[in-house]
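Here the structure is laid out as structure tokens; the discussion comes afterwards.
Values quoted throughout were computed directly from the atomic coordinates according to the rules given, and no laboratory measurement underlies them. Only a predicted model underlies this, so the values are computations on that prediction, with no experimental measurement involved. Glycine also receives a Cβ, built like all others from the backbone with ideal geometry; neighbour counts cover every protein chain displayed.
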């Protein structure tokens, strides 16, 4: 039995809308006819291909889901192509995944025009596309339908530490993911899910398309995410469910509040990395609960969400029947001690408690990377699935996310959880977005650095901070804020704070820390950087001031004095 195939075919004769969006509404029956046409086309044109892989270089339009569901019926594999990729990187994505066909649209066609691709290209909004599909307009379902083991997706990882890897996902795996969410959140055919996250990413496919397809519900599409249109879309489409990533929630919260914001049909948002502060703000403003989940793109580890979780915790057990999750020392594999907190909620033993989250079972859902056995073997070591993500686990068994593997912070020989610091800094009323990351310390280990996007109306919120008075006002306000945080450990206050006009994000609206981490305190484009000198003031309190050119020279000399100059190098773009 293949649940996805059955769900696609179940749309037959359904008059209820299956897809709605910007100027369109397609019934279930109309959608199925469009899907069958494309499935017949794929069945004939990919029959001779070594791999029946079709690249979708499309924004969130009905065409994306029609071709995706056509692949379900035809047994083809969809490669979700990131439209923010360019040149050789984009060509590599398409050739590495052995695409035998590319489906795109006129507005994105220039991205591939000069790549020298030796595969057919269908442009969905061109006459040639309609002519190509015309012979298959009355096609029925394929005579031979694929099984659940059939490969459906190749989805790319972020690629923050190298070329993106293409994760293999079968029809069965995505059906299981959708079925869990359907059951957990009681989704039915009466529900409408708002797909504002890009469909080439697992967030939208596994968190929204799969459960709504299985439930027989309606999917509302927004071509590209828009914070200003979010609430209007939700109301217009009657959406009661949506998926998100943390930065998208921050953007929505940054829009101008209105007295009737809570008058909307939303009941639930499901996603990752919104943070406890933004989640609480969202619920107060829009009357909609956000449920945080954790799951690796590869499918080897997923935490079951639990409404009883304490603040900051993700879950207490895995979502699979055979999961055996643990936080271990990444060097030895030994389980880390449970985390302990003081009365103010400060993590007391991060140095010993933080480790890598693993799934200690051979039945993990990871199905491998396409043409990258070495990377796959690194994920599956000694019969365990290694997530590469940092967690700690408290005495009651709750798992707390501590950051990505690149977010490991070690200050004065003490391990710190980036996620914990970000959650604290996010409470600052002036902050619209916060990113925390490690920068080198002149002597040993790391120092904490934060980039902050200010909320509209805050001093210096637009562009670079205008003058010294504005910078000093921000520094003073930030210092006062930190002094009032009871759970801010002594190693947590950032050494450097960069004020950015807008937080850089990836195509999937996650904070892009790689560039920030590389630029360190040598801010590009005139961004103001505040810093806390290595010697405290006579009274011992925290104090921030603007980092000057003279300060930078002294820092460089300090690194050189301790033989660590190579850790910072010299940026090509000078600081202010």
Estimated FRET transfer efficiency (residue 108, residue 412; beta-carbon r; R0 60 Å; 0.05): 0.75
Taking Cα atoms only, helix 62-74 is inclined relative to the longest principal axis of the chain by an angle, in degrees rounded to 10, of 60
What one gets for the range 226-287 as the Kirkwood radius, inverse of mean 1/r over different Cα pairs in Å, is 11.6
Ordering 293-301, 196-204 by per-residue average of other C-beta atoms within 10 angstrom, highest first, gives 196-204, 293-301
Classify the range 131-197 as rounded, prolate or oblate from the Cα gyration tensor: take a ≥ b ≥ c as the square roots of its eigenvalues, call it rounded if a/c is under 1.5, otherwise prolate when a/b beats b/c and oblate if not. oblate
Going by alpha carbons, how many degrees (0 to 90, nearest 10) lie between the helix axis of 549-561 and the longest principal axis of the chain? 90
Taking neighbour counts of Cβ atoms within 10 Å as a proxy for exposure, in what order, fewest first, do 266, 181 appear? 266, 181
In nanometres, what is the gap between the two model label sites at residue 115 and residue 371, each 7 Å from Cα along Cα-to-Cβ? 1.3
Among 346-359, 18-31, 326-339, how do they line up from the highest to the lowest mean number of other beta-carbon atoms within 10 Å? 346-359, 18-31, 326-339
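Shape verdict for the range 272-323, please, from the Cα gyration tensor: rounded (a/c under 1.5), prolate (a/b greater than b/c) or oblate. It would help to have the intermediate numbers written out before the result.
Working: a/c = 2.80, a/b = 2.09, b/c = 1.34.
Cα axes put the range 272-323 in the prolate bin.
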Spacing of the two label points (7 Å from each Cα toward its C-beta) at residue 6 and residue 49, in nm: 2.8
Going highest first, how would you order 60-72, 488-500 by mean Cβ packing within 10 Å? 60-72, 488-500
Can you give me the angle between helix 87-96 and the longest principal axis of the chain, using Cα atoms only, in degrees from 0 to 90, rounded to the nearest 10? 50
Descending semi-axes in whole angstrom, ellipsoid equivalent of the chain, from the Cα gyration tensor: 43, 25, 25
Please express the shape of the range 300-407 as an equivalent ellipsoid: the semi-axes are the square roots of 5 times the eigenvalues of the C-alpha gyration tensor, given largest first in whole angstrom. 25, 16, 11
Run the quick spin-label model on residue 550 and residue 317: label points 7 Å from Cα toward the beta carbon, then report their separation in nm to one decimal. 6.3
Please work out how much length the chain gains when fully extended from residue 455 to residue 89, using 0.36 nm per residue of separation minus the C-alpha to C-alpha distance, in nm with one decimal. 128.3 nm
With 5 Å bins from 0: P(r) over the range 3-224, alpha-carbon pairs, percent: 1, 7, 15, 20, 22, 18, 11, 5, 1, 0
The chain, relative contact order in percent, only Cα pairs under 8 angstrom and at least six apart counted: 9
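Give me the number: length gained by fully extending residue 224 to residue 490, i.e. 0.36 nm times residue separation minus the C-alpha to C-alpha distance, one decimal in nm.
91.6 nm
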Please say if the range 84-204 is rounded, prolate or oblate, where rounded means a/c under 1.5 for a ≥ b ≥ c the square roots of the C-alpha gyration tensor eigenvalues, and otherwise the choice is prolate for a/b larger than b/c and oblate otherwise? oblate
